[in-house]
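The values are calculated or read from the model by the stated rules, or taken from the named source; none is laboratory data. Quick caveat: nothing in here was measured; it's all calculated off a predicted structure. Note: ideal-geometry Cβ built from the backbone for every residue, glycine included; neighbour counts use all protein chains shown. Surface areas here come from the heavy atoms of the whole protein model, side chains and all, with no ligands, DNA or RNA. Shrake-Rupley method; radii C 1.70, N 1.55, O 1.52, S 1.80 Å.
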Amino acid sequence: MTSENPGRVVLLTASHRVAPGLLSWPAWEALRGADRVLCPDEHHPQLPYLREAGVAVEHLRPTAEELVAACAGGRTVLVLPSGEGDRGLTDGLARLAGSGRVAMPDLELLPGSYDLPGARLLDLVQVMDVIRRRCPWSSLQTHQGLAKYAIEEAYELVEAIEAGDRHELREELGDVLLQVVFHARIAEEDAEEPFSVDDVAGTLVEKLIQRHPHIFGDETAETPEDVRAHWLAAKAVEKGRESVTDGVPVGQPGLALAAKLASRVRTAGLDVPLPAGAGIGDELLVLAARAEAEGVDPEAALRAAARAYRDAIRAAEGL
C-alpha cells in the first residue's frame, strides 16, 4: 500500500496516578485536531472528560494494518491506549515499519500527563488496600500484632545504614514504609477514630511546617543549632510538655535512653549531676552521657565495637 501522504498516528498516554481529565495542553490540542480518536477500552477513565469536552471517541481496537490504512491520505488518527499499553498494536506497527513494504505514517508518542514525584506512593496505597481486603493473613492483622515488626524493620534499616549497603538501604526503607502504610490502612477501619494515610501525611506536613519557622515563617536560623532550637521550642508547644523528660520513650535500648536524657538536660541547660554510684548501670550512664556530649551515638559505637569483636571471634574460630 502506498500513499503520497501516509498521515500520522498519535499514541496518547496518560498516567493513572493523575486525576482523569488533567491532560496537558498539547494533548487536548491533539485530541481536538485529530481526524479520528480511537480507544479500545470502553471503560477508560478519560472518556467521560473527553465526551464533556466534545471529543468524539470510537471504541475500536484496530490492528496495525487497519490503523495505517485509516491514516492514508494525510489523516491523523489518535489512539488512547488502555492501561496495559496495547503492546500488540505497537509491536504490529514496528513489524510493518521493519518490512519496508508499507508507507508508514508518522508516529508520535504524546504523554498527556506525567507522574509527579512521589506518584508511586499512590500505587503502594492501592496495593496495600487490595492486600488488606484479600490476603488471609494481612486482613487479620492489628496494630498490636504488627508492633514488633516495626521495631525489627527499624533495626534492619539501621544495620543497612551502618553497613553502607545501598541496595539493602533501599529495600529496608521500603520495609519501614510498609509498616507506616499497613498501620494507616488498619486505622481506616477503626469504628471510633478512623484515619487514613492521607491524614498521617497531612499531620506530618503541618508538623514540618510548624517546626521550620525559619523556612515557612518569619524566624531566622543561621546554624544547625538555631534550627534545633526552633524544633524543640515548637515541639514543646505542640506537646504541652512540663518536663524535659516528657516524650522520651523509656522502652528504648538503655544506652539510647541514657543518651537521650543527657541530651535533654544539656539542651535545657539544667545542672543535674549524674549518679555517683559505683554500679555497672551508673558507669554505663556516665559513658552514655559522655558520648552524647562528644557527639557520639553510644548505641552505634557499641554496635561497631561488637561487630569488631564478632569478627575477632570468627577469626579465632578459623572462619
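Do you know which residues across region 189-224 are touching a His at 6+ places or on another chain (Cβ under 7 Å) and assigned to a helix (DSSP H, G or I)?
PRO213, HIS214 - these are the residues of region 189-224 that are touching a His at 6+ places or on another chain (Cβ under 7 Å) and assigned to a helix (DSSP H, G or I).
Give the number of residues within region 72-84 that are open to solvent by less than 50 Å² (accessible area, probe 1.4 Å) and without any contact (Cβ under 8 Å) to a residue 60 or more places away in the chain.
Qualifying residue count, region 72-84: 1.
Find all pairs meeting these conditions: Cβ atoms under 7 angstrom apart; at least six residues apart or on different chains; first residue within region 122-139 and hydroxyl-bearing (Ser, Thr, Tyr); second residue open to solvent by 80 Å² or more (accessible area, probe 1.4 Å).
SER139/ARG133
I need the full set of residues from region 196-250 which are without any contact (Cβ under 8 Å) to a residue 12 or more places away in the chain and touching an Asp or Glu at 6+ places or on another chain (Cβ under 7 Å), in order please.
Scanning region 196-250 gives a single hit, LYS239.
Rundown of residues vs (1) open to solvent by less than 30 Å² (accessible area, probe 1.4 Å); (2) under 26 Å from ALA300 (Cβ atoms); (3) under 19 Å from the mean Cα position of the chain (by Cα), yes/no style:
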{"site": "ARG132", "(1), (2), (3)": "yes, no, yes"}
{"site": "CYS135", "(1), (2), (3)": "no, no, no"}
{"site": "GLN144", "(1), (2), (3)": "no, no, no"}
{"site": "LYS148", "(1), (2), (3)": "no, yes, no"}
{"site": "TYR155", "(1), (2), (3)": "no, yes, no"}
{"site": "GLY164", "(1), (2), (3)": "no, yes, no"}
{"site": "PHE182", "(1), (2), (3)": "yes, no, yes"}
{"site": "ASP190", "(1), (2), (3)": "no, no, no"}
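Tally up the residues in region 242-263 that are under 32 Å from the mean Cα position of the chain (by Cα) and farther than 17 Å from ARG303 by Cβ, please.
Matching residues across region 242-263 total 7.
It is to be established whether one or more residues within region 50-61 are within 30 Å of PHE182 (Cβ to Cβ), touching a residue at least 24 places away in the same chain (Cβ under 8 Å) and within 35 Å of the chain's Cα centre (by Cα).
no
Kindly check whether there is at least one residue in region 113-125 that is surrounded by 14 or more Cβ atoms within 10 Å (Cβ to Cβ) and touching a strand residue (DSSP E or B) at 6+ places or on another chain (Cβ under 9 Å).
yes
Here's the yes/no breakdown for (1) modelled with pLDDT of 95 or more; (2) in contact with a Lys or Arg (Cβ under 7 Å, 6 or more places away or on another chain); (3) exposed (fewer than 13 other Cβ atoms within 10 Å of the Cβ); (4) not β-branched (Val, Ile, Thr):
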| site | (1), (2), (3), (4) |
| --- | --- |
| ASP175 | yes, no, no, yes |
| LEU178 | yes, no, no, yes |
| ASP198 | yes, no, yes, yes |
| HIS214 | no, no, no, yes |
| GLY217 | no, no, yes, yes |
| VAL227 | no, no, no, no |
| LEU232 | no, no, no, yes |
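Check ALA291, ALA276, ALA304, ALA259 and return the single one that is assigned to a helix (DSSP H, G or I), without any contact (Cβ under 8 Å) to a residue 40 or more places away in the chain and either over 23 Å from ILE151 (Cα atoms) or touching a helix residue (DSSP H, G or I) at 6+ places or on another chain (Cβ under 8 Å) (or both).
ALA291
From the list ARG133, ARG75, ARG61, exactly one residue is of a type in the set (D, E, K, R) and closer than 30 Å to LEU173 by Cβ. Which is it?
Selected residue: ARG133, the only one of ARG133, ARG75, ARG61 that is of a type in the set (D, E, K, R) and closer than 30 Å to LEU173 by Cβ.
Residues checked against (1) closer than 25 Å to LEU122 by Cα; (2) open to solvent by 20 Å² or more (accessible area, probe 1.4 Å); (3) not β-branched (Val, Ile, Thr):
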position: PRO6; (1), (2), (3): no, yes, yes
position: GLU29; (1), (2), (3): no, yes, yes
position: LEU50; (1), (2), (3): yes, no, yes
position: LEU60; (1), (2), (3): no, yes, yes
position: ALA70; (1), (2), (3): no, no, yes
position: ALA97; (1), (2), (3): no, yes, yes
position: LEU107; (1), (2), (3): no, yes, yes
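Being open to solvent by less than 50 Å² (accessible area, probe 1.4 Å) and assigned to a helix (DSSP H, G or I) is the filter here, so list the residues in region 236-256 that pass it.
Hits for region 236-256 are ALA236, LEU255, ALA256.
Looking at region 13-20, is at least one residue among the small types (Gly, Ala, Ser), in contact (Cβ under 8 Å) with a residue 60 or more places away in the chain and either within 25 Å of LEU122 (Cα to Cα) or open to solvent by 20 Å² or more (accessible area, probe 1.4 Å) (or both)?
Yes; the residues of region 13-20 include at least one that is among the small types (Gly, Ala, Ser), in contact (Cβ under 8 Å) with a residue 60 or more places away in the chain and either within 25 Å of LEU122 (Cα to Cα) or open to solvent by 20 Å² or more (accessible area, probe 1.4 Å) (or both).
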